[in-house]
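The values are calculated or read from the model by the stated rules, or taken from the named source; none is laboratory data. The shown structure was predicted, so the numbers you read here are calculated from the model rather than taken from an experiment. Glycine gets a Cβ as well: all are built from the backbone with ideal geometry, and neighbour counts include every protein chain shown.
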Amino acid sequence: MCGSSVTSKVGDVPTRYVGTVVKHGVAGRSKSARQAVLLRTETGEEFILRRLGGHPFHDELIEKLVGKRIEGSGRTTGTTLLLSKWKEL
């Protein structure tokens, strides 16, 4: 699963991304403002990470990825990447 950070964005086809997992503030000064776990891709895109079936705001498995470089695949919805699988690089 190496190579380009984005391989497909068509319909229900899972997309693959490569990047570094970081924790960063999202939603500015709104009521939804919080520290979220993000994937910062090689192309500079950022996606809030969620695990398919995981808690939307605090998922310990996702939290453990902070600071690591991963390759993951899943579906994007807006600025969120719903990870179905990933591996550390």
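The condition (being farther than 17 Å from residue 63 by Cα, modelled with pLDDT of 85 or more and charged (D, E, K, R)) is satisfied by just one residue among 40, 16: 16.
Scanning segment 61-89 for residues that are touching a Lys or Arg at 6+ places or on another chain (Cβ under 7 Å) and acidic (Asp, Glu), we see that the one that is nearest to residue 18 (Cα to Cα) is 71.
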